[in-house]
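The structure under discussion appears below in the form of structure tokens.
Derivation of every value follows stated rules applied to the coordinates shown; laboratory data play no part. Model, not experiment: these values are computed from the prediction. Cβ placement follows ideal geometry from the backbone for every residue including glycine, while neighbour counts extend to all protein chains displayed.
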Amino acid sequence: MWTRSTQRTWHIKCDCCGEEIPYIWKLPAINGKVPPGGIRYASTKEITDEEGTIDWVKLRESVYYQCQLCEGRMDWNAADQDRRNQSGRYIQMNENGDPSYEFFNYNAIAHAPWPELITKWKEATIARSRGDLSKLENFVRKQLAEAWNESDYMSDEVQENARGGYLLGEKWEPEGGDEPLLFLTCDVQKDHYYVVVRAWCVINGVLQSRLIEREKVVSVGAIRDLADKWQITQNGIRGSRVFMDGNYNTGQVQRIAADNGWMVFRGDKAMDFRHQDGLRRIYSDVQYIDIGEGTREAKGGRYAGQVRFSKHSALNRLSLIRSIKTEDDKMVWTYADNAGSVYERQINAWHRISKTAPDGKRFYDFINRDSKDDHYGDAEQQQVVCAAMAGLVGVSGADNSEDDA
Ligand SMILES: [Zn+2]
């Protein structure tokens with residue numbers, strides 16, 4: 001509809017050159033460089049201290065608008081914003097627009113305080129760096145009044161090689177970070193298991209992750225040995241950082257989990273799950289499965305904790321996290337140099353492909369090009385859900401319902 005319409009867009013006169021311009025957030029990059037013009041603000045380096053704490057006041061004070069024509073500077077205050085709007089008008093952007101589709105467009109730069117906008121933008125980009133695009137989507141739709149194209153905000157190139165310069169079995173003691181959190185996840189096959197132990201840590205405000213172990217084992221005892229070796233919590237429904245995929249051989253996996261103090265994961269087609277607190281997350285609340293049900297042990301009171309998660313959202317977050325680099329150009333999500341070719345092949349079994357919806361929006365979908373051989377990839381998806389449950393990867397869609405536009 002917008003494409004066919006007159007596309008009348010709100011313009012103001014630049015304080016510096018006097019030309020009529022629409023407020024833009026920023027122009028699309030040309031050859032990797034963003035042209036001048038749009039909302040400008042201090043870089044992450046300028047507003048972040050050594051501990052990774054952001055000076056929000058400094059960020060808010062740094063914001064201004066740069067004219068996309070003369071590169072002149074316009075500062076924000078309510079009176080100036082109002083004055084510019086007084087002499088503003090809608091200009092038809094689509095010369096061949098169908099006059100029966102009069103569409104008017106303006107964005108929040110025309111009416112909202114810029115310090116507030118930049119705060120929301122920064123929060124959204126921080127969430128993005130944690131693998132959560134929902135805040136950015138909310139910002140683009142509601143503040144910028146633009147269509148959301150997921151593919152514009154994710155790098156097309158997922159790093160297929162993310163060797164981190166360390167070996168399997170190495171303890172990770174990052175400088176300037178908290179103690180890393182370790183999770184063990186496990187893909188279940190008929191008579192063997194693919195186990196991944198991965199560590200997650202926020203270092204100077206940036207989430208980073210390392211592969212600690214990856215192993216194909218043939219017994220439950222071998223999984224327990226790995227969990228014990230890394231002192232990973234195994235207290236069942238009272239707290240466990242060991243998770244088994246329960247989509248195959250469900251009943252048996254639930255019993256193994258209950259016996260060992262582990263949890264069960266069930267990948268699901270849902271995009272997210274509503275929790276008791278009203279928020280939607282990529283994983284469900286814990287369900288308690290009475291594994292004695294229908295058997296002689298029914299009175300035994302043995303329970304397995306089970307969590308459902310969105311396969312699609314987990315894949316999306318994993319691929320987003322795998323495309324992010326730190327300020328010094330290192331991948332945030334890595335694996336050991338000797339993780340091996342089987343591991344490397346399996347974690348890349350799922351391929352992200354850009355698709356276009358009938359309404360023209362672009363989004364990502366995933367196809368499994370190696371479905372018989374994606375086991376470590378499944379264990380890595382589960383790891384992302386673990387990180388989300390630990391609050392390291394953002395809450396999904398938390399503010400999508402909030403109407404503040
Ligand atoms: Zn100008």
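Treating only the Cβ of Lys, Arg, Asp and Glu as charged (+1, +1, -1, -1), what charge dipole size does region 75-222 show about its Cα centre? Round to the nearest 20 debye.
Roughly 240 debye for region 75-222.
Return the subset of LYS45/LYS171; LYS58/LYS120; LYS26/LYS311 for which the Cα-Cα distance in this structure is over 22 Å, preserving the input order.
LYS45/LYS171; LYS26/LYS311
Taking 0.36 nm per intervening residue step and subtracting the Cα-Cα distance, what contour gain separates ASP228 from LEU69 on full extension?
Answer, rounded to one decimal: 51.0 nm.
Return the sequence-ordered ³J(HN,Hα) values of region 93-100 in whole Hz as given by the Karplus equation 6.51 cos²θ - 1.76 cosθ + 1.60 applied to θ = phi - 60°, using x for Gly and Pro.
Values per residue, Gly and Pro as x: 9, 10, 4, 9, x, 6, x, 7 Hz.
About the Cα centre of the chain, how large is the charge dipole given +1 on each Lys and Arg Cβ and -1 on each Asp and Glu Cβ? Please answer in debye to the nearest 20. Walk me through the numbers before you get to the answer.
Details: 53 positive and 62 negative charges, 172 e Å.
It works out to roughly 820 debye.
Which entries of LYS142/LYS325; LYS135/LYS330; LYS33/LYS135; LYS229/LYS372; LYS216/LYS325 show an alpha-carbon separation above 26 angstrom in the structure shown?
LYS142/LYS325; LYS229/LYS372; LYS216/LYS325, as the Cα separations exceed 26 Å there.
Which peptide among 217-224, 347-354 comes first, and what is the full order, when sorted by highest mean count of other Cβ atoms within 10 Å?
Values: 217-224: 14.5, 347-354: 17.1.
Averaged packing, sorted descending, gives the order 347-354, 217-224.
Among SER319, ALA222, MET1, which residue has its Cα positioned farthest towards the positive end of the charge dipole of the chain, with +1 placed on the Cβ of Lys and Arg, -1 on the Cβ of Asp and Glu, and the dipole taken about the Cα centre?
Looking along the dipole axis, the top candidate is ALA222.
In a GNM of the chain with a 10 Å cut-off on Cα contacts, which of SER313, SER240, SER209 has the highest mean-square fluctuation?
Result for the chain, Cα springs under 10 Å: SER240 fluctuates most.
To make sure I understand, if each residue's beta carbon is the centre and we count other beta carbons within 10 Å, what order do PHE363, PHE309, PHE139 fall in, fewest to most?
Arranged by neighbour count, lowest to highest, PHE363, PHE309, PHE139 become PHE363, PHE139, PHE309.
Could the peptides 81-87, 104-110, 50-56 be put in order, highest first, of the mean number of other beta-carbon atoms found within 10 Å of their residues?
Numbers: 81-87: 13.9, 104-110: 17.7, 50-56: 11.9.
Taking the mean over residues of other Cβ atoms within 10 Å, the ranking is 104-110, 81-87, 50-56.
Just want the ordering: VAL342, VAL57, from fewest to most Cβ atoms lying within 10 Å of their own Cβ.
Starting with the residue having the fewest Cβ neighbours, the order is VAL57, VAL342.
State to the nearest 20 debye the size of the charge dipole of region 8-116 about its Cα centre, where the only charges are +1 on K and R beta carbons and -1 on D and E beta carbons.
240 debye
Filter the GluC sites (Glu not before Pro) in region 84-164 to those in DSSP coil with at most 12 other Cβ atoms within 10 Å of their Cβ, and list the result.
For GluC sites (Glu not before Pro) across region 84-164 that sit outside H, G, I, E and B with at most 12 neighbouring Cβ atoms in 10 Å, the list reads GLU95, GLU157, GLU160.
Stretch ASP55-SER341 to full length: gain in nm at 0.36 nm per residue minus the Cα-Cα span?
Full extension from ASP55 to SER341 adds 98.6 nm.
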